[in-house]
Amino acid sequence: HQCSGFRLDNRRFEEKDAQVLGMSTDSVPTQRAFATGLGNIPYPLLSDFHPKGEVSKLYGIYNEDRGTSMRAVFIIDKEGVVRFKQIYSQGLPDPKEILAELDKI
């Protein structure tokens, strides 16, 4: 599964003093089932379930037609400034690309 790339490289993100977080508009129990199905995920999953998509809307990634957020990666620095934003129409991001973006900061 493509999420395994993040699992394998999570230590590399930590070495760069970066915290990986996942977020979806799914409920916490649905997220738990998803993570368990992947053999667990080593980073926290955040639920944007209620009010549905509120955080996704703030970041401009909520798809009203589908009622879900789009797949996206954000790099937010410690001051809360968004330094990188990439929306993915298909698949998942390549962890190496995200690590390279972290190097730019």
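Computed from the coordinates by the stated procedures, all read-outs in this text should not be read as laboratory data. Note that the structure is a prediction, hence the values are computed from the model and not measured. Cβ atoms come from the backbone with ideal geometry, glycine included; neighbour counts cover every protein chain shown.
A few points about this structure:
- FRET E, pair His50, Arg11, Förster distance 41 Å, beta-carbon r, rounded to 0.05: 0.80
- Karplus-based coupling profile of the range 66-72, in residue order and whole Hz: 8, x, 9, 8, 7, 6, 8, with θ = phi - 60° in 6.51 cos²θ - 1.76 cosθ + 1.60 and x standing for Gly or Pro.
- Estimated dipole of the chain in Debye, rounded to 20 [Cβ of Lys and Arg +1, of Asp and Glu -1, Cα centre]: 140 debye
- Positive end of the dipole of the chain (Cβ unit charges, origin at the Cα centre): among Val55, Gly22, Ile105, the Cα lying farthest that way belongs to Gly22.
- Normalising by residue count, the chain has a Cα convex hull of 106 Å³ per residue.
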